[in-house]
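Participant: So that we are looking at the same thing, I have put the structure below in structure tokens.
Please treat every number below as a calculation from the coordinates, not as lab data. Quick caveat, the model's predicted, so the values are computed rather than measured. Don't worry about glycine lacking a Cβ; one is built from the backbone with ideal geometry, like all the others, and counts go over all protein chains shown.
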Amino acid sequence: MLKKVLNQSISLKEHISEKEYKEIGELQAHCSLQDKTNLKLELDYRINVVTSYEIGLKNINEFLYYVEEVLVAYLNISSFGANIAEINGMTHPDFRRKGIFKKLFNLAIEECQKRNFNKVLLLSDGKSTSGIEFIKAVNGSYDFSEYRMKWNNKTTWENIKPIGLRKADKLDGKEIGRQNAIFFNDSEACESFPEEEEELNKITYMVELEGKTIGKVKVNFNNSAFIGGFGILPNFRGRGFGKAALTETLRLINKKSINEIELDVECKNNTALNLYKSCGFEQKSVMDYYKYIIS
């Protein structure tokens, strides 16, 4: 009796299409329900109505594996600065332990080599047995953990600090790079280009005190909002300006009729944890990060 050979294919993209967004979302929902875990895929910020095929691939960020034209595995590469790559993904439970995800992973590592990332991080929910087993099998070593926190929509808007938010422009690029170096140990301190970010629904705001820039915050807008890149310069910490800036950020997001707001914070960063909790954020899940050394 002949064994049927299944039609299998791999699709490589810079961004995902609306069709792929739906396919990945369905796979994510199935895996999360089956495994009782969360995935940091950030799909709302990966979609592009213009496909990579139409404009030509610049960087490969999206890796999709199909069996009989059904998506069974997905992996993505994210880079948020400091020349660090984050790799995250999933495989349908019925197609695990068949080498499918390893194929996507090897392609992703090749892409990371081409782009000369200084550091590669592999992500897994702290409760994901299959995710952690895979990372250990490829010799990933534990680095740190982050809480995903979600706003509980109970913040009061009282703000007695004279803090304002100003949308960043191109002239703020060097200052944004300088602050990234301070807040996130980004030794390259690359300039940011706010106009390009806005095309991807990302807006950086400069935190101002009486006309003086004392920090910054970035918001990714979609049907929900994600807060990142937030920091207050050292000379202005410990005086309530961080809470005031975060409160202003929540107020700004809320004016856009967006109530689903999330952010990530390192588990050991008690100062930031206490700040976010004071503004109405609650822990949703834990994401573990593992270092991967490219040989």
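Participant: Using only the alpha carbons, work out the radius of gyration and Dmax of the range 66-157 in angstrom.
Facilitator: Answer for the range 66-157, Rg first and Dmax second: 15.8, 52 Å.
Participant: Hey, what's the Cα Rg ratio for the chain versus the globular rule of thumb, 2.2 N^0.38 Å?
Facilitator: 1.06
Participant: Which links in Lys127/Lys277; Lys58/Lys218; Lys13/Lys119; Lys40/Lys218; Lys167/Lys256; Lys98/Lys119 stretch past 20 Å when you go from one Cα to the other?
Facilitator: Over 20 Å Cα-Cα: Lys127/Lys277; Lys58/Lys218; Lys13/Lys119; Lys98/Lys119.
Participant: Can you pull the percent of Cα pairs in the range 8-146 with separation above 22 Å?
Facilitator: Beyond 22 Å sits 34 percent of the P(r) for the range 8-146.
Participant: Kindly provide the trypsin sites (Lys or Arg not before Pro) of the range 9-44 that DSSP labels as loop, not H, G, I, E or B, and whose Cβ sees at most 14 other Cβ atoms within 10 Å.
Facilitator: Answer by residue number: Lys36.
Participant: If we count other beta carbons within 10 Å of each Cβ, what is the order of Glu69, Glu282, fewest first?
Facilitator: Glu69, Glu282
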